Amino acid sequence: MSKSIDPRPFDARALEQIDSPEATAAAYFSLFRSPRATAQDYDDFERWHARDEGNRVAWARVERAWEETAAMRTDARILAIRERALANRRSRGRWQRPLAAAVAVVAVLTAGVVYQRQQSAEVAATATAIAGADSRIISTGIGQQLTFRMTDGSTITANTSSTLAVNETDTRRSTSIRNGEAFFEVAKNPRKPFVVEAGGVKVTALGTAFAVRDFGGTIGVTLAHGKVRVDMPASAGQPAQSAILAPGQELVWSSGRFRTGSIDVDRQLAWRKGVVSFDQVPLKDAVAEINRYSPQEIIVASPALARHPISGTFRIGVTRGFLQSLELAGIARVENESATRAELVQP
């Protein structure tokens, strides 16, 4: 008979070193929702809360979210945690906000929890934008995002590990995606078309918002609002083709063929808010998306585990938070973890 192994102990201090106050707060809340919380965990939380103003601000934000989530306030476990927090605050006079206000920052992940972040997509400190004579190169590293505003007011937000060439003349606005993904919010100007090219596919818009991605020669176009025309080249014996997209539609082109269909735009473009969102997605696909944002590669050890569906919202670039969520939910166990690799096995 095989011996079951409990998930690794919660390590909030390690999480603090690699993550934001908001995600650390969410991690604490996930622990307090489980039966594994100890007195030491509560003490650690108090020290974390008192140590830095940013931590207290994070709790203030999630408390506002708590107050707006009436359904969650009826959960007996959450109410018990809240009562303990109030008691500690009265006795020590240290807390400005009650414990466990982070309900809306975490979503249920198959009886577990996940992490969310509210952050502008407009800043990536080490991303680069290099000006040229009549063009600009936008480049982002792993886990970075960068927003560039064109002279006409259109904006381009490049996602992780992306390189784009942007050109703007008196008669044309164009972007070439060399690799990666970007979101475009196009200012209306019928006399000055806006064209995005990726892998030979051209997307033309006048005034609209859409995303284009190029992953290994597979081109995806997601339309948030407005209308775009997608022109696809002749390839693999297939003639050149064109399609018009309506809001809420996605086009995927690969090996000379394309398909279109409806899509949850908010979920598909959640990366603009600093998160990735899954709805009954096989673990292997979720892991592939998480890996895009971190130098630490996750490996799924078995086909059965790879097929396990998960749902939830996770902060991008924080692999440890994702791994810890899977362990707390009892979905997987982490083995052989290092700075560059982590293996998921059956719990």
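The values are calculated or read from the model by the stated rules, or taken from the named source; none is laboratory data. Model, not experiment: these values are computed from the prediction. Every residue, glycine as well, gets a Cβ built from its backbone with ideal geometry; the counts of neighbours run over all protein chains shown. Note: accessible area is taken over every heavy atom of the protein model, side chains too, but ligands, DNA and RNA are not part of it. Shrake-Rupley method; radii C 1.70, N 1.55, O 1.52, S 1.80 Å.
Every test in (1) open to solvent by less than 50 Å² (accessible area, probe 1.4 Å); (2) under 16 Å from the mean Cα position of the chain (by Cα); (3) more than 22 Å from Gly220 (Cα to Cα) is passed by Ala306 save one, and that test is (2).
Here Thr175 meets each of (1) hydroxyl-bearing (Ser, Thr, Tyr); (2) touching a helix residue (DSSP H, G or I) at 6+ places or on another chain (Cβ under 8 Å); (3) without any contact (Cβ under 8 Å) to a residue 24 or more places away in the chain with one exception, condition (2). Only residues that are open to solvent by 20 Å² or more (accessible area, probe 1.4 Å), more than 20 Å from Glu289 (Cβ to Cβ) and outside any loop (DSSP other than H, G, I, E, B) were counted across region 219-252, and they come to 9. Do we find a residue being farther than 27 Å from Ser162 by Cβ and in contact with a helix residue (DSSP H, G or I) (Cβ under 6 Å, 6 or more places away or on another chain) anywhere in region 287-295? No, every residue in region 287-295 fails to be farther than 27 Å from Ser162 by Cβ and in contact with a helix residue (DSSP H, G or I) (Cβ under 6 Å, 6 or more places away or on another chain). For region 312-338, the set of residues classified as buried (at least 16 other Cβ atoms within 10 Å of the Cβ) and of a type in the set (Ser, Thr, Tyr) consists of Thr313, Thr319, Ser325, listed by residue number. Within the option set Arg341, Arg267, Arg272, being surrounded by 17 or more Cβ atoms within 10 Å (Cβ to Cβ), at pLDDT 90 or above and out of contact with any helix residue (DSSP H, G or I) (no Cβ under 7 Å at 6 or more places or on another chain) holds for one residue only, Arg272. A single member of Gly143, Gly180 is buried (at least 16 other Cβ atoms within 10 Å of the Cβ), at positive phi and at pLDDT 95 or above, and it is Gly180.
Restricting the first residue to region 37-54 and requiring it to be under 17 Å from Ala23 (Cβ atoms) and open to solvent by less than 30 Å² (accessible area, probe 1.4 Å), which pairs with a second residue that is part of a helix (DSSP H, G or I) and among the polar types (S, T, N, Q) meet a Cβ separation below 6 Å and a spacing of at least six or different chains? Matching pairs, first to second residue: Trp48/Asn55; His49/Asn55.
Can you name every residue in region 179-198 that is without any contact (Cβ under 8 Å) to a residue 24 or more places away in the chain and touching a Ser or Thr at 6+ places or on another chain (Cβ under 9 Å)? The answer is Lys188, Arg191, Pro193, Val195, Val196, Glu197, Ala198. Residues that are farther than 30 Å from Thr169 by Cα, open to solvent by 50 Å² or more (accessible area, probe 1.4 Å) and not in a strand (DSSP E or B): does region 196-208 have at least one? Scanning region 196-208 turns up no residue that is farther than 30 Å from Thr169 by Cα, open to solvent by 50 Å² or more (accessible area, probe 1.4 Å) and not in a strand (DSSP E or B).
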